[in-house]
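The values are calculated or read from the model by the stated rules, or taken from the named source; none is laboratory data. Predicted, not measured: the structure shown is a model, and the values here were computed from it. Cβ placement follows ideal geometry from the backbone for every residue including glycine, while neighbour counts extend to all protein chains displayed.
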Amino acid sequence: MERIDELNYEGLKIIQNTEGFCFGVDSVLLTEFARDIKKQAKIVDLGTGTGILSILLSKKVNAKKIYGIEIQQEVAEMANRSVKLNSLENIIEIINEDINKIKLENNSFDAIVTNPPYKKLGTGINNKNEKQKISRYETTASLDNWLKVSNKLLKDNGSFYIVYRTDRLSELIENMRKYKLEPKRMRFVYSNINEQSNLVLIKAIKGAGTFLKIEKPLIIYNLDGSYTDEILKIYK
């Protein structure tokens, strides 16, 4: 069933399908982390899904153009309707295509943002819902594919932003460096102060030298289950 959700930011709204994959806090945190994208940037949102990253970033960073790439036709069409709902057609273009086959100009984008599938096939409990499975598992493209495409599209010194599982961090950094995406900022995300980090936010620069800043931890929940002040500030 489809529904329209308020994003509580600049009057933005989004269409979601409860039987598919709805965006989570990880996408919202990534848009905050990527606020340092320069104004009037050309951005690619790889694996846009509902279009949440593209829609929020269109206002948060005053982008010139954002291309949202989504392989699932039905999901891409829904994202495109969300773009029209927010009157953002002049900024956001949704492209229904496999990320490995997109026909965008190489070495021409200022930034790439992505919240890719976190899980390898054959790990965990596979989701029976095909839309959710594609969103969560590397069914259509591997992590290596994601990073290879990012390297091709980004300008030299272009910025790459990703939210990913902490337990795959070593693999992520190894593959990023393979494609000249050097980590520059990193922030670990924790459910609460007593839990281990389950997500990490990373900004990398194409072709940069080695110097990495670890930012203070981002904690989502207080011990009583309520949102922390920082999360409330982000959501409001």
- Query: Of all residues in the stretch 170-226, which are over 20 Å from ASP36 (Cβ atoms) and assigned to a strand (DSSP E or B)?
  - Reply: TYR190, SER197, ASN198, ILE219, TYR221
- Message: Return the residues of the stretch 191-209 that are within 30 Å of PHE109 (Cα to Cα) and out of contact with any helix residue (DSSP H, G or I) (no Cβ under 9 Å at 6 or more places or on another chain); say none if nothing qualifies.
- Response: ILE205, GLY207, ALA208, GLY209
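Modelled with pLDDT of 95 or more, among the aliphatic types (A, V, I, L, M) and crowded, with 21+ Cβ neighbours inside 10 Å - does that describe any residue in the stretch 127-135? Steps first, please.
If we filter the stretch 127-135 for residues that are modelled with pLDDT of 95 or more, which is where we start, we get none.
Looking for residues that are modelled with pLDDT of 95 or more, among the aliphatic types (A, V, I, L, M) and crowded, with 21+ Cβ neighbours inside 10 Å, one finds none in the stretch 127-135, hence no.
So which residues in the stretch 12-56 are at positive phi and either aromatic (Phe, Trp, Tyr) or touching a helix residue (DSSP H, G or I) at 6+ places or on another chain (Cβ under 9 Å) (or both), if there are any at all?
First, the residues of the stretch 12-56 that are at positive phi: 40, 47, 49, 51.
Scanning the stretch 12-56 gives GLY47, GLY49, GLY51.
Determine if the stretch 21-39 includes at least one residue that is more than 18 Å from the chain's Cα centre (by Cα) and not in a strand (DSSP E or B).
Going through the stretch 21-39, the residues more than 18 Å from the chain's Cα centre (by Cα) turn out to be 39.
Retained after the next criterion (residues that are not in a strand (DSSP E or B)): 39.
Yes, there is a match, as at least one residue in the stretch 21-39 is more than 18 Å from the chain's Cα centre (by Cα) and not in a strand (DSSP E or B).
Quick one: in the stretch 137-178, which of the residues that are among the hydroxyl-bearing types (Ser, Thr, Tyr) and surrounded by fewer than 19 Cβ atoms within 10 Å (Cβ to Cβ) is nearest to TYR227 (Cα to Cα)?
Residues of the stretch 137-178 that are among the hydroxyl-bearing types (Ser, Thr, Tyr), as a first pass: 137, 139-140, 142, 150, 159, 161, 164, 166, 170.
Filter again for surrounded by fewer than 19 Cβ atoms within 10 Å (Cβ to Cβ), leaving 137, 139-140, 142, 166, 170.
Details: TYR137: 28, THR139: 33, THR140: 34, SER142: 33, THR166: 21, SER170: 29 Å.
Of everything passing the filter in the stretch 137-178, THR166 is nearest to TYR227 (Cα to Cα).
Consider GLU230 carefully, then state whether it is more than 23 Å from LYS38 (Cβ to Cβ) and either at pLDDT 95 or above or acidic (Asp, Glu) (or both).
Values: more than 23 Å from LYS38 (Cβ to Cβ): yes; either at pLDDT 95 or above or acidic (Asp, Glu) (or both): yes.
For GLU230, the condition - more than 23 Å from LYS38 (Cβ to Cβ) and either at pLDDT 95 or above or acidic (Asp, Glu) (or both) - is met.
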- Item | GLU70 being more than 27 Å from ARG185 (Cβ to Cβ), without any contact (Cβ under 8 Å) to a residue 40 or more places away in the chain and in contact with a strand residue (DSSP E or B) (Cβ under 9 Å, 6 or more places away or on another chain) | no
- Within the stretch 171-216, the residues that are touching a residue at least 40 places away in the same chain (Cβ under 8 Å) and of a type in the set (Val, Ile, Thr) are VAL189, ILE202, ILE205
